[in-house]
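Notes to accompany the following structure.
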Amino acid sequence: MNLAALTLHEAGEKLRKREFSAQDLTEAVFRRISETEEKLHSYITLSRDAALKEAKQADERLKSDTNPRSLLGIPIAVKDNFLTRGIRTTCASKFLENFIPPYDCTTVKKLRASGAIITGKTNLDEFAMGSSAENSAFFATRNPWDTDRVPGGSSGGSAAALAADQCIVALGTDTGGSIRQPAAFCGVVGLKPTYGRVSRYGIIAFASSMDQVGPMTKDVRDCALMLEAIAGYDPADSTSANRPVPQYSASLTGDVKDLRIGIPKEYFVSGIQPDVEQAVRTAIRQLERNGVAIKEISLPHTDYAVAVYYIVATAEASSNLARYDGMRYGHRAYAKDLTETYMLSRAEGFGPEVKRRIMLGTYALSAGYYDAYYLKAQRVRTLIKKDFDEAFKSCDAIIVPTAPTTAFKIGEKTQDPLRMYLSDIYTISANLTGLPAISLPCGFDSEGLPIGMQIIGKHFDESTILAIAYAYEQSTDWHKRKPNF
Amino acid sequence: MKYETVVGLEVHAQLLTQSKIFCGCSTKFGQAPNHNTCPICTGFPGVLPVLNKKVVEFAIRAGLATHCEIARWSRLARKNYFYPDLPKGYQISQYELPICTNGYIDIAVNMVVKRIRLTRIHMEEDAGKNIHDLRSDASLVDLNRAGVPLLEIVSEPDIRSAEEAGNYLRTLRAMLQYLEICDGNMEEGSFRCDANVSVRPEGTTALGTKVELKNLNSFKAVEKGIEFEIRRQIEALSDGGRLIQETRLWDPDREETRSMRTKEFAHDYRYFPDPDLLPVAIDEEWIDEIRASLPELPGARKVRLISQYDIPSYHAELLTNRKDVADYFESTLITHRNPTAIANWITGDLFRLLKDRKLDEKLYITDWPVQPDNLAAMVALIDQGKISGKLAKTVFEAMADSGSSPQEIIAEKGLEQVSDPESIEKAIDQVLIAHRKQVADYQAGNQKIFGFLVGQIMKATQGKVNPQKANEILKRKLTEGNKISATSGRKLD
Amino acid sequence: MLQNLMKLTREEVQRVAMLARLRLTPEDEKRLTEQLDNILQYVGKLNQLDTSGIEPFTHALDIANPMREDAITNEPNADALLANAPDQENHFFQVPKIIE
């Protein structure tokens, strides 16, 4: 049995039954990593020694724990924008190439407490800015389904690692689609929870009003279990919601009868790859057979979402990244005076995409432009939110494709930034509005590349979207397919 | 052409909270460099701010005391700029929706009440400290102060002179001390002031070119700086020149304002609402709670002391300037009710003592060198004629040194005043005998001798004799032209 | 919003680069001017929408800001914080000379 290919719930059950040890599992995962990493480049930092130590401790706990947590002994890959104490955290940037955080982010703290084992830190687009993991300062991660193609981004490393069984579960962050889109490109499940559901404390901030931590998993049940483990109020995060965490796995009954699903007409217009549209429509029909009611809805301001995002998110980012100035940590260039030091340290430390977004965001906030750009975008954001509020009066969930295309080739979209930005069109609205959204596999295109379907729910209603996702998943076997790697 | 001065003041007051505004670090002054720091106040990756409730409470206190409108919803905003003492590259402050607006402070200008309006009061975080003089080739940054809470208090340009400015600042400072939200120490930097100064032809309403003055590190500096700047501006305009809107630094050594080195780039702070913090909600209940807990403010207390105790306004002013002194005064009155006399002792001898012993530098004195009940008891003894006012000074000093009560000291040093006529007569007779010549001079018409004789009596009795009684008896003896026998010293009839 | 969006100039790009403390080479400037102009023209489509009377988005969560009690909860640890510093001296962060 290839232990590394197990899901979280499978491995968890077998660990608790003592069919194998956490150390066995961890070693199997690291074997898989060494077999595949040269081709894939999913990890920036591997944490083998520490992981094996943690596995040993997990085995002790498994012996004595009467009520072991679902993540006890489970190897998990963590995106390299989560601060991990004592483990280098680079955010895929030259600026933080040697940065070793003095503290753990809340999510990692929680996972460590429940006995999860960190395999290492995965690759991403630098500062989470990108849709392909090509903007990493170190290397581009490959898609396990076709190594000439991108795994998606920004959580490309986590998605690839997961799809290639280089971990059992993975963590990512999603600001404009950075969990969902790579999940779709790599044929795995990725969830962006409701804004405020999971703590942002200790995540390197990109766009504060949109960033969310979320699980990336091999199937929907794993996703529900992960969400149970990481969701919850954090007093260290003023934007974290003080609401109880439901037992999400309990909503995976397979029964979705009479749930109302809205299909927004604006999402199925030109620009979408034909087999993507076909696969999603087929999936919707499957769900109808499962008992849901489908209706067409309208989200009239869909077309403006990307514009809003690239003003507001970059504005927030330009401010969030001001702390990377070379004074207290990170890269410092030696220059003739203070101003030069700032300018050179940042120019040398940041890659072109990061610089581009900082410039854009700074411009949008600057004197004379604030009203025209930032304020205007925030007003349109309200309009977009109103669209969804209206839609959710008559449906329980909304289904759309995750991305307009399947995984594109490495280098294909890097010449024109705007073209890359436009590929976020289906995922961005959930970030602007804070709504929860999950992507799961719903087919393959003619080249054998995975296609993702996205289910968007009401605020704090992850249970419903997980339930729908589960029902669909169990009617198919997409989740059982693995890349030929 | 006569010019009118127009001044607005911006005060930054450091708040007396235990912890910083957005993290749980201590605000305690004087620690080793970067001792009071954590990832949050040093701008590490991934950190997030959490607002200290006490800061909001203090802001509401200040707003209520200055009659401001308290915003039911207010927002925190980011002010973006790069500087080594600003770890996040932005300061969390307030911009469009500050917590307090449209208040006022009344000041007394030549016995007339003048209202200085306040534009706003808002909360923000302090920056760290850059130290330039320890090394020539580098600067050093200490972030202990980064994140300490501040209130920014902005006045309308209602101030019309340097004197009014000083007056306003002293009034504001006393108020913040009474509210126990700031210790008002300009020298240590817990109370800072920038001034916006312009002039305009008398009778006009348009504002002239505004100059911002910085580096005003004491009340004197504020007054002198404003005075200098007014003169400079008027001179420039009178010479037909034009003024530029700029920032100038006060140079305390040369006593002049100088233009700051022209900045190559103007500040564009790119304010926007901080997305890491939600709108701050303040409900009626909380405001009412805080209002009910406000202490009696200096202005009101002064008025009450004058009316309740009939003390002069000048004393009332001095007594209410500091809350601890006002509390001291009122507690003396529990022991003995002679407000005027006690006020004199406090504002005279006690103040002098506090200054000598440098005790006046404390925000709120608790270990007084002379306890209020002892001071009151001493005044009671004076009033009862048990001790002369002059000797009381000795008693006062002794109390300050030993902490003993006046009764103990008098007994110990045998300073009890002599008031019985017999002893006094005896003492006087002895003096008169010893100074026959002077007596004769007095009786011949030299009135001045009286004082000399009084002095001699005091000397002979170590000051213990009751002066009024001694005066009476001496006068009687001299005017009655009593002859004193050479041997017995007894009055001869 | 700005009507007839003007083309982004190189001077503007230089101004923004200074505000953001980014040293740009002449090639960077040229490239960024073009790319940013392109993006700004795209986001200019927001101009088509009438947003009069619409409140700007404040927050995804409709709740008030939580506040914490005024208590010292931090264990001082200057060493940990200075561990990543490019330069330090006697527990101060050392930075290039600041001229005021």
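Quick one: Kirkwood hydrodynamic radius for region B:336-445, alpha-carbon pairs, angstrom, one decimal?
So the Kirkwood estimate lands at 16.1 Å.
Which semi-axis lengths, in whole Å and largest first, follow from the square roots of five times the eigenvalues of the Cα gyration tensor of region A:142-252?
Largest first, region A:142-252 gives 25, 17, 9 Å.
If I histogram all Cα-Cα distances within region A:396-451 using bins 10 Å wide from 0, what percent of pairs lands in each bin?
19, 46, 31, 4
Rg over Rh of region A:93-199, using C-alpha atoms and the Kirkwood radius, what does it come to?
So for region A:93-199, dividing Rg by the Kirkwood Rh gives 0.96.
With N set to the residue count of region B:297-385, report its C-alpha Rg divided by 2.2 N^0.38 Å to two decimal places. Intermediate results must be reported in sequence, preceding the final value.
On the way: Rg = 12.3 Å, N = 89, 2.2 N^0.38 = 12.1 Å.
The value comes to 1.02.
Per-residue counts of other Cβ atoms within 10 Å, averaged by peptide: what ranking do you get for C:56-65, A:464-473, A:250-259, B:81-90, highest first?
Result, highest mean Cβ count within 10 Å first: A:464-473, B:81-90, C:56-65, A:250-259.
Return the average number of partner chain Cβ atoms within 10 angstrom of each residue Cβ along peptide B:23-33. Mind dumping the intermediate values first?
On the way: counts 5, 9, 5, 5, 2, 1, 0, 0, 2, 4, 8.
Going residue by residue through B:23-33 and averaging, the value is 4.
Which whole number of Å³ per residue matches the convex hull of the alpha-carbon atoms in chain A?
Working: hull volume 66.0 nm³, N = 485.
Each residue corresponds to 136 Å³ of Cα convex hull volume.
Of all GluC sites (Glu not before Pro) in region A:85-153, which ones are in loop regions per DSSP and have a Cβ with at most 16 other Cβ atoms within 10 Å?
A:E97
I need the P(r) histogram for region B:3-286: all alpha carbon pairs, bin width 10 Å from 0 out to the longest distance, whole percents.
Pairs per bin, as whole percents: 6, 26, 34, 25, 8, 1.
Subtract the Cα-Cα distance of A:S34 and A:Q57 from 0.36 nm times their separation in residues, and report this length gain in nm to one decimal.
In short, 6.0 nm is gained.
Give me the percent of the accessible area of region B:75-170 that comes from carbon and sulfur atoms, probe 1.4 Å, all protein chains in place.
Ligands and nucleic acids excluded, carbon and sulfur give 51 percent.
Amide H of A:I118 versus every other amide H placed in the peptide plane: which residues, excluding those fewer than 5 positions away on the same chain, fall under 5 Å?
Residues meeting the amide H criterion: A:I76.
For region A:303-378, take every pair of Cα atoms, bin their distances at 5 Å starting from 0, and report each bin as a whole percent.
Spelled out bin by bin, region A:303-378 gives 3, 17, 22, 20, 15, 11, 8, 3, 1, 0 percent.
Pairing the Cα long axis of helix B:389-402 with the longest principal axis of chain B, what angle in degrees results, from 0 to 90 and rounded to the nearest 10?
50
At 0.36 nm per residue, and after removing the present C-alpha to C-alpha distance, how many nm does the segment from B:Q447 to B:N110 gain when stretched out fully?
117.0 nm
Based on the alpha-carbon gyration tensor of region B:40-177, what equivalent-ellipsoid semi-axes (square roots of 5 times the eigenvalues) come out, in whole Å, largest first?
Working through the eigenvalues yields semi-axes of 32, 21, 12 Å.
Can you list the chymotrypsin sites (Phe, Trp or Tyr not before Pro) in region B:256-335 that are in a DSSP coil and have 12 or fewer other beta carbons within 10 angstrom?
Values: sites: B:F265, B:Y269, B:Y271, B:W286, B:Y309, B:Y314, B:Y328, B:F329; in loops: B:F265, B:Y269, B:Y271.
Loop-located and lightly packed - B:F265.
For q values of 0.11, 0.19, 0.22 Å⁻¹, compute log₁₀ I(q)/I(0) with the Debye formula on a Cα-only model of region A:21-152, without solvent.
Calculated log10 I(q)/I(0) at the listed q: -0.41, -1.08, -1.27.
Once a ≥ b ≥ c are taken as the square roots of the eigenvalues of the Cα gyration tensor of region C:16-100, is the result rounded (a/c under 1.5), prolate (a/b larger than b/c) or oblate (a/b not larger than b/c)?
In terms of gyration-tensor shape, oblate.
Efficiency by 1/(1 + (r/R0)^6): what FRET value for B:A281 and B:D401, r their Cβ-Cβ distance, R0 = 56 Å, to the nearest 0.05?
Efficiency, from the Cβ-Cβ distance: 0.50.
When the gyration tensor of the protein assembly as shown is built from Cα positions, what are the square roots of 5 times its three eigenvalues, in whole Å, from largest to smallest? Spell out each step's value before the answer.
Details: eigenvalues 1148, 211, 132 Å².
Over the Cα atoms of the protein assembly as shown, the semi-axes work out to 76, 33, 26 Å.
Please give the per residue accessible area of chain A, computed with a probe of 1.4 Å over protein heavy atoms only, in Å².
30
Give the long-range amide H neighbours of A:I261: residues separated by 5 or more places, or on another chain, with amide H under 5 Å away, using H modelled in the peptide plane at 1.01 Å from N.
A:A293, A:I294, A:K295, A:D396
Starting from one equal scatterer on each C-alpha and no solvent at all, send me the Debye-based log10 I(q)/I(0) for region A:83-153 at q = 0.27 Å⁻¹, two decimals.
-1.11
Show me the GluC sites (Glu not before Pro) within region B:217-290 that DSSP assigns to loop and that have at most 11 other Cβ atoms within 10 Å of their Cβ.
B:E264
On alpha carbon coordinates alone, what is the Rg over Rh value for chain B, Rh being the Kirkwood radius?
On the Cα set of chain B, Rg over Rh gives 1.13.
The values are calculated or read from the model by the stated rules, or taken from the named source; none is laboratory data. Keep in mind the model is a prediction, meaning the values are calculated, not measured. Note: ideal-geometry Cβ built from the backbone for every residue, glycine included; neighbour counts use all protein chains shown. Ligands, DNA and RNA are stripped out before the accessible areas are found, and what is left, the full protein with its side chains, is counted by its heavy atoms. Shrake-Rupley method; radii C 1.70, N 1.55, O 1.52, S 1.80 Å.
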